[in-house]
Amino acid sequence: MRQLIAGNWKMNGLSEEAAAIVGPLRRGADGLACDLLVCPPFTQIFTVAHILVGSPVAVGGQDCHPNEKGAHTGDISAAMLRDAGASWVILGHSERRQDHHETDALIQAKTHAAVAAGLAPIVCVGETAAQRVAGDQNKVVGGQLAGSLPPGFSGVVAYEPVWAIGTGKTATEADVAAMHLFIRETLVMQLGQAGEGVRILYGGSVRPANAGSLLAVPHVGGALVGGASLKAEEFLGIAKAAKA
Ligand code: PEP
């Protein structure tokens with residue numbers, strides 16, 4: 001399966017900045033050996049999707065509400081993301097788990113809503129520094145997978161150790177290998193044979209310089225990229241390191 005390189009812009013990107021990232025991506029994306037995805041803030045999804053029409057670069061949201069519609073001021077439904085031009089959505093990112101107190105149950109409901117609306121979900125899991133120091137990383141990630149993935153889940157999982165996000169610290173290849181194997185085994189236990197086909201992304205300070213070695217680790221099905229996705233050249237540099 002092709003690796004997926006997904007860019008999470010977080011709360012970055014006014015119109016001019018968005019066009020400055022996406023224009024070069026559009027020109028540089030042809031012939032890549034991986035799938036490419038950008039997840040701008042809600043306000044830029046329509047514009048970015050418009051610029052990328054006819055290109056192989058897909059567009060996603062960074063969150064959605066679990067309900068189809070209704071009295072939820074300030075929220076965005078999965079169908080609204082689709083309507084704006086998104087085909088993917090990131091769910092359960094650690095910043096949302098922290099800043100918005102999102103629980104596994106809520107993330108599972110959002111994942112269900114996303115799939116029902118025709119979006120491909122990327123469900124994020126990962127331990128904090130304290131949890132890793134305590135040796136609890138498998139317990140934490142196993143619990144997040146059990147709680148966040150609906151029965152029959154089809155989508156992508158992103159392993160993002162919280163301590164590696166935006167810090168410049170990257171997990172070692174050995175730690176990534178151990179965790180991705182653990183996630184694969186857990187997915188197979190939860191989903192049966194279908195668990196073999198789920199792409200498992202690594203996220204946490206991925207840069208062009210470390211992408212080749214991280215993407216070569218067994219069971220790494222791509223990368224979820226924050227900071228480096230805001231510069232087209234860096235994002236394309238990571239994409240060029242992906243395996244066919
Ligand atoms: C992220 O936000 O998902 C992420 C991995 O960020 P960064 O690449 O900046 O660590």
**OP:** Work the Kirkwood hydrodynamic radius out for the chain: mean of 1/r over every pair of different alpha-carbon atoms, inverted, in Å.
**Re:** 17.7
**OP:** With an 8 Å cut-off on Cα pairs and a minimum separation of 6 or more residues, tell me the relative contact order of the range 4-240 in percent.
**Re:** 20
Subject >> Gain in span if fully extended, HIS101 to ASN138, counting 0.36 nm per residue against the direct Cα distance >> reply: 11.2 nm
Original post:
Carbon and sulfur together cover what percent of the accessible area of the chain at a 1.4 Å probe radius?
Top reply: 56
**OP:** Report the percentage of all Cα-Cα pairs in the range 113-172 whose separation exceeds 14 Å, rounded to a whole percent.
**Re:** 60
Original post:
Which ³J(HN,Hα) values, rounded to whole Hz and listed in residue order, are derived for the range 68-75 from phi using the Karplus coefficients 6.51, -1.76 and 1.60 in 6.51 cos²θ - 1.76 cosθ + 1.60 with θ = phi - 60°, glycine and proline given as x?
Top reply: 6, 6, x, 7, 9, 4, x, 8
Subject >> Cut-off under 5 Å, modelled amide H: who pairs with VAL59 long-range >> reply: VAL38, SER87, TRP88
Subject >> Within the range 4-240, percent of DSSP bridges classed antiparallel, to nearest 5 >> reply: 0
Subject >> Largest to smallest accessible area among THR128, THR167, THR186 [probe 1.4 Å] >> reply: THR167, THR128, THR186
Subject >> Within straight-line cross-link reach of LYS10, lysines at Cα separation under 17 Å, skipping those fewer than 8 residues along the same chain >> reply: LYS231
Original post:
Once amide H atoms are placed 1.01 Å from N in the peptide plane, what residues at a sequence separation of 5 or more from ALA158, or on another chain, have their amide H within under 5 Å of its amide H?
Top reply: VAL123, CYS124, VAL125, LEU201
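Quick check on packing: order 8-21, 214-227 by the mean number of other C-beta atoms within 10 Å, highest mean leading.
My ranking of the peptides, most packed first, is 214-227, 8-21.
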Subject >> Average accessible surface area per residue within the range 4-240, 1.4 Å rolling probe, Å² >> reply: 43
Subject >> Phi to ³J(HN,Hα) by Karplus 6.51 cos²θ - 1.76 cosθ + 1.60 over the range 229-239, Hz, x for Gly, Pro >> reply: 7, 8, 10, 3, 4, 5, 4, 5, x, 5, 4
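The values are calculated or read from the model by the stated rules, or taken from the named source; none is laboratory data. Keep in mind the model is a prediction, meaning the values are calculated, not measured. Counting neighbours? That spans all protein chains shown, and the Cβs are built from the backbone with ideal geometry, glycine included. Only protein heavy atoms, including side chains, enter the accessible area calculation; ligands, DNA and RNA are left aside. Shrake-Rupley method; radii C 1.70, N 1.55, O 1.52, S 1.80 Å.
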